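The values are calculated or read from the model by the stated rules, or taken from the named source; none is laboratory data. Note that this is a predicted model, so its numbers are computed, not measured. Cβ placement follows ideal geometry from the backbone for every residue including glycine, while neighbour counts extend to all protein chains displayed.
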Amino acid sequence: MPTQTSNSFFAAMQSPLSLIRTLDASCHIPSYSSCSTLMHSLATELSTNACKNDLSLQNPVVTQAYNGLIAYDTLYTASCLTSSTTGNYCFADAAANSSAPTSSYIYFLPLGMSLPGGARPACTECLKDTMSIFAAATTNKQSNFRNNYAQAAQVVDLTCGPGFVEAGVAYSGAAKLGEGSSLFIGLTAMVAIFINVFL
C-alpha cells in the first residue's frame, strides 16, 4: 500500500546507487500500462466502495493510499525523467543535491504534500520539466493536488524567477505562502511509483 512511511524507500534514498537501482527497476518495467490500470482501478474501488467513508472523513492512512494510487502515472513520468546535463534520473540528482537539499521535495506534491515556503529547489531543466508534468496533471479531477501545485509554483517562481513554471495553472486557487503548508515532507513518500518494487 502506498503510504508516507516506507522504510525500504527511505533506505534506498540514503544511497545514490541504491536509489538509481530502484529507479532502474521501476522505470523499466515491461507492464507499465497494466500497473497504471491496476492503480486507477484500486483508487476507484477505494474511493467508491471499500473505504469511501474513511476517505470522506480524511482518514490519513486511506488518504495517503488514495493519493499514491491516483498519482502513479504522474510520479512514474516525473521520476523517470533523465537530465540532459548529467544523464542521470532527475529525481536521483535532486535527492543527491547537497547544495539545494530541498530539491527532491517537489516530487512529493502529487502525494498530497505541500512544498514548505522555505524550500529552495535547484533551478534546473529537470525542475522545469517536472513542474510541467505536474501542471498537466492538475487537470485530473480525481487528484486533489492542484492547490499544492499552485503553492509550489509560487515558491519555485520566487526561487527561479517569474515564468519558470506554467503560469496558467500556477496561481489558480493558491493559498498564500505559509498558509496550510505541511512541514512534514519526509523522504519516504515516493512509494506510489515504487509499489511494484516493494510489494
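Quick test for you: out of A50, A100, pick the one residue that is farther than 21 Å from N148 by Cα, among the aliphatic types (A, V, I, L, M) and free of Cβ contacts under 8 Å to residues at least 40 places away in the same chain. Being farther than 21 Å from N148 by Cα, among the aliphatic types (A, V, I, L, M) and free of Cβ contacts under 8 Å to residues at least 40 places away in the same chain holds for just one of A50, A100, which is A50.
If you go through segment 78-135 and keep only what is touching a strand residue (DSSP E or B) at 6+ places or on another chain (Cβ under 8 Å) and of a type in the set (F, W, Y), you end up with just Y89.
Across segment 38-69, the number of residues qualifying as in a helix (DSSP H, G or I) and over 30 Å from D93 (Cβ atoms) comes to 17. Checked against the criterion of being crowded, with 19+ Cβ neighbours inside 10 Å, of a type in the set (A, V, I, L, M, F, W, C) and either in a loop (DSSP other than H, G, I, E, B) or free of Cβ contacts under 8 Å to residues at least 40 places away in the same chain (or both), the candidates L115, L109 yield just one match: L115. When T138, T85, T102 are checked against the criterion of being farther than 28 Å from S31 by Cα and in contact with a Lys or Arg (Cβ under 8 Å, 6 or more places away or on another chain), T102 stands alone in meeting it. Among residues of segment 129-152 that are in a loop (DSSP other than H, G, I, E, B), those with a Cβ under 6 angstrom from a residue that is β-branched (V, I, T) and at pLDDT 85 or above, sequence gap 6+ or separate chain, pair up as Q142/I70; S143/I70.
One line per residue, one yes/no per condition, for (1) surrounded by 18 or more Cβ atoms within 10 Å (Cβ to Cβ); (2) under 24 Å from I106 (Cβ atoms); (3) of a type outside the set (D, E); (4) modelled with pLDDT of 90 or more:
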position: M39; (1), (2), (3), (4): yes, yes, yes, yes
position: L42; (1), (2), (3), (4): yes, no, yes, yes
position: E45; (1), (2), (3), (4): no, no, no, yes
position: A50; (1), (2), (3), (4): no, no, yes, no
position: N53; (1), (2), (3), (4): no, no, yes, yes
position: Y72; (1), (2), (3), (4): yes, yes, yes, yes
position: L75; (1), (2), (3), (4): yes, yes, yes, yes
position: S79; (1), (2), (3), (4): yes, yes, yes, yes
position: S84; (1), (2), (3), (4): no, yes, yes, yes
